[in-house]
Amino acid sequence: MPEGDTVWHTAKRLREALAGRVLTRSDFRVPRYATTDLTGRQVTESLSRGKHLLTRVEGGVTVHTHLKMEGRWQVRPATGRPPQAHQIRLVLANDTWQAVGYLLGVVEVLPTAMEPDVVGHLGPDLLGPDWDAGEAVRRLLASPQRPAGEAFLDQRNLAGVGNVYKCELLFLRGIHPWRPVGEIRDLPATVDLARRLLDANKDRAGHITTGTQIRGQEHWVYGRAGRRCRRCGTVILRDEGTGQGGDPEGRITFWCPACQR
Ligand SMILES: [Zn+2]
């Protein structure tokens, strides 16, 4: 499951390739939209809301996509055939670029006016222009008994945290993933750190939280089960049995039992 910074960066690349240009081809390879054709319409905007991608097209039409588990967008020169055709779910192309969506978890076309139906439930967007830290804190505290890890993953509280940032954020703040969110002493600082982590990584590949880009040293706890905590030497734990968050990948939690209480 991608993190919000990945989706933000994807929206930026789609915007640079598509916005302000007229579509010369639209190829929906999902049954429901097999006959949908947006050729001849200009793309006006492409943006992210949390982990959702909205590409707006002239005439009040929005193409809503979500990467879910394995999806990705590639921007390529308009000439040439993209590889791995069987994984393609959507192609939006103009004279210069073709944006190719692979294995997208959601592809739907809706009136732009109906966007709130698909993103209206989201909490404040960590990388959005209208980011509202106070509102995110208020939503988190609305269910004070919820485990911190689960609460931060819930996109209705704040939008953009995936499992990597969930684990890393809680480590950096010394919070046990199962501590009730209402018992976090400085919740606004934790929320602020979430925003800073995503913001620092939004223009690069990877989700670096340790400050080093050296391969294998990017994270404190994520993906490090059985290895020693970089801070205290205790063995990092991993849990996928009791569950955090609604999606399968979100259930995997990594933490240091000594640093996080
Ligand atoms: Zn530790």
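The values are calculated or read from the model by the stated rules, or taken from the named source; none is laboratory data. Because the structure is predicted, anything quoted here is derived from the model rather than measured. For neighbour counting, all protein chains shown are included, and Cβ atoms are generated from backbone atoms with ideal geometry for every residue, glycine included. Side chains included, ligands, DNA and RNA excluded: accessible areas come from the protein's heavy atoms. Shrake-Rupley method; radii C 1.70, N 1.55, O 1.52, S 1.80 Å.
Scanning for something in contact with a strand residue (DSSP E or B) (Cβ under 9 Å, 6 or more places away or on another chain) and at pLDDT 95 or above, does region 210-219 turn up at least one residue? Before you say what the answer is, go through the steps one by one.
Step one: filter region 210-219 for residues in contact with a strand residue (DSSP E or B) (Cβ under 9 Å, 6 or more places away or on another chain), giving 219.
The next check asks that each one be at pLDDT 95 or above; those that pass are 219.
Checked region 210-219: at least one residue is in contact with a strand residue (DSSP E or B) (Cβ under 9 Å, 6 or more places away or on another chain) and at pLDDT 95 or above.
Can you tell me which of Arg56, Arg15 is assigned to a helix (DSSP H, G or I), within 23 Å of Asp117 (Cα to Cα) and open to solvent by 40 Å² or more (accessible area, probe 1.4 Å)?
On the way: Arg56 fails: assigned to a helix (DSSP H, G or I).
Within the list Arg56, Arg15, the selection yields Arg15.
Region 138-248 holds helices (runs of 4 or more DSSP H) entirely within its bounds, and those carrying 1 or more residues that are among the hydroxyl-bearing types (Ser, Thr, Tyr) and either within 28 Å of Asp117 (Cα to Cα) or within 16 Å of the ligand (Cβ to nearest atom) (or both) map to 163-172.
Counting only residues that are more than 26 Å from Gly162 (Cβ to Cβ) and part of a loop (DSSP other than H, G, I, E, B), region 59-81 holds 6 of them. Val100 falls short of the stated requirement of being assigned to a strand (DSSP E or B), open to solvent by 10 Å² or more (accessible area, probe 1.4 Å) and within 30 Å of Ala34 (Cβ to Cβ). Criterion first (without any contact (Cβ under 8 Å) to a residue 60 or more places away in the chain and either surrounded by fewer than 15 Cβ atoms within 10 Å (Cβ to Cβ) or assigned to a loop (DSSP other than H, G, I, E, B) (or both)) does Met1 satisfy it? Here the answer is no, as Met1 does not meet what is asked.
Please pick out the residue among Ala194, Ala205 that is small (Gly, Ala, Ser) and open to solvent by less than 40 Å² (accessible area, probe 1.4 Å). Spell out how you get there, then give the answer.
On the way: Ala205 fails: open to solvent by less than 40 Å² (accessible area, probe 1.4 Å).
Answer to the check: Ala194.
When Val161 is tested against (1) open to solvent by 20 Å² or more (accessible area, probe 1.4 Å); (2) modelled with pLDDT of 95 or more, exactly one condition is not met: (1).
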